[in-house]
Amino acid sequence: MASKPKGTPRLSRVEDGKTLVQKVDLDTILVEEIGQFGWYQLRTLVLSALMVVFAAWAASEYVFTTARISTRCLIPECEDAGDGTEFSPPWILNAVPGASISSFDGCQRYPNVTAAARLDTCPADLFDRSRVVNCEEYVYQNKDTVVYDYGLACDEWRRTLIGSMRTLGTLLALPITGYVSDHWGRRVALTINAVNTAWLGTVRYWADTYIGFLISEVAESTFGSGGFSCAYILLMELVGPKYRVAAGATMNTFFSVGQVTMGLIAWAIPNWRSFTLALYLPQFLTITYFWIMSESVRWYMSKGRYEDAEAVLKTVARVNKKALSDKSLQGAEEDSRRRQDTTGSGRGRESERAVANRVGVPPQEDLVALPSIAGLVDNNDVRVLRDVD
């Protein structure tokens, strides 16, 4: 038996009705010609991994920027409000319920029982220790998060609402990103999400109100959190079948790496405004992805842009130092056209059935396909009615 010439793609036989046709799909080209994982795919993986790290930062930054700050009631009978107010003075348990000087109530205090002048010692008999009241003013242990800036000391529902609204925005991002990705390309969707994440996250530095901060979180997650899925799809559509599981695992691993590095950044930069700039300013680098990453070959072919798909495949082959045959390019184009024709004819058959039912003509299931000579060339079938008595 003659062996297959080297460099010629393996052709798979596919049954289309009663006609057997040969096809060359993209996976065949990746496996047998341009390489399943070469230098080009490695470069795409590195760029995608960086994008995933940035996505991890954006997805979890609110955990640090909205972190709970320890608080206590301001005791005006014993202290003045100001930056120099001590958070845990020696007399604190005389005025605030608690177990120790390092563990006391952050939202309630004992009411005072006398109008006596303030005493520096703040004795216990100055307060009614049989009941408690809510704080009127607060003392914060630090000023590192939005809890201090927006006065969220004991408004736990407003603090946690920020994370909930961000999650809602992430859910909204999925259909929006999918629509953009299908109509204008994966690379366009990736760039749009990356740019929106960068500038909306950076703008949050100047948010001086709780509502403004909340809006920026929702807007960023809605219009920017689809970057991970875009990068993932771009990579999976370019890597050969043998390495897709490993590539996907690598992407998920770098999401965890992003969360770990974000924790280190938060430790080094505790103030939420400076922390925000440290996370989002580097993400403006992703604007360049529109020029340094290629569009999905599968998307090009699904849109009939075969010349663009061919250009990308030739670039991949050149970077991977592989040879790409014209025969495989032509076969991939024909296979893509066949898939589109099949999809279109499928929709057409649904309309045919509706018409047939109305006029009493037998539906397509009552027709039998006979292969013709023309069918070997253009994949058309001659259909005849069954002989039914």
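The values are calculated or read from the model by the stated rules, or taken from the named source; none is laboratory data. This one's a predicted model, so the numbers in the text were calculated from it and none came from an experiment. We place every Cβ from the backbone using ideal geometry, glycine too, and count neighbours over all the protein chains shown. Only protein heavy atoms, including side chains, enter the accessible area calculation; ligands, DNA and RNA are left aside. Shrake-Rupley method; radii C 1.70, N 1.55, O 1.52, S 1.80 Å.
Bin by bin, in steps of 10 Å, what percent of the Cα pairs in region 89-185 do you find, going until the bin that has the longest distance?
All Cα pairs, binned at 10 Å, distribute as 13, 29, 22, 14, 9, 7, 5, 1 percent.
Sorting check: for 131-143, 235-247, which peptide has the highest mean count of neighbouring beta carbons within 10 Å, and how do the rest follow? Please report the intermediate quantities before stating the final value.
Details: 131-143: 14.0, 235-247: 17.5.
Top of the packing list down: 235-247, 131-143.
In what sequence, largest accessible area first, do 127, 254 appear using a 1.4 Å probe?
254, 127
Considering amide H positions built from the backbone, and no H for Pro or chain starts, which residues 5 or more places from residue 98, or on another chain, come under 5 Å of its amide H?
Amide H neighbours of residue 98: 105.
What spacing in nm lies between the two simple spin-label points modelled at residue 311 and residue 176, each 7 Å away from Cα in the Cβ direction?
Inter-label distance under the simple model: 3.0 nm.
Express the accessible area of region 113-252 per residue in Å², computed with a 1.4 Å probe while the remaining protein chains stay in the model.
Per-residue accessible area for region 113-252 comes out at 50 Å².
Which residues' amide hydrogens lie under 5 Å from the amide hydrogen of residue 72, considering only partners 5 or more residues apart or on another chain, with H built in the peptide plane?
139
Give me the one-decimal nm value for the distance between modelled label points at residue 252 and residue 274, 7 Å along each residue's Cα-to-Cβ direction.
Spacing of the two 7 Å Cα→Cβ label points: 3.7 nm.
Please report the spacing between the Cα centers of region 210-240 and region 151-173 in Å, no decimals.
Between the Cα centre of region 210-240 and that of region 151-173, the gap is 18 Å.
Find the centroid of the Cα atoms in region 63-88 and in region 255-301, then give the distance between the two in whole Å.
34
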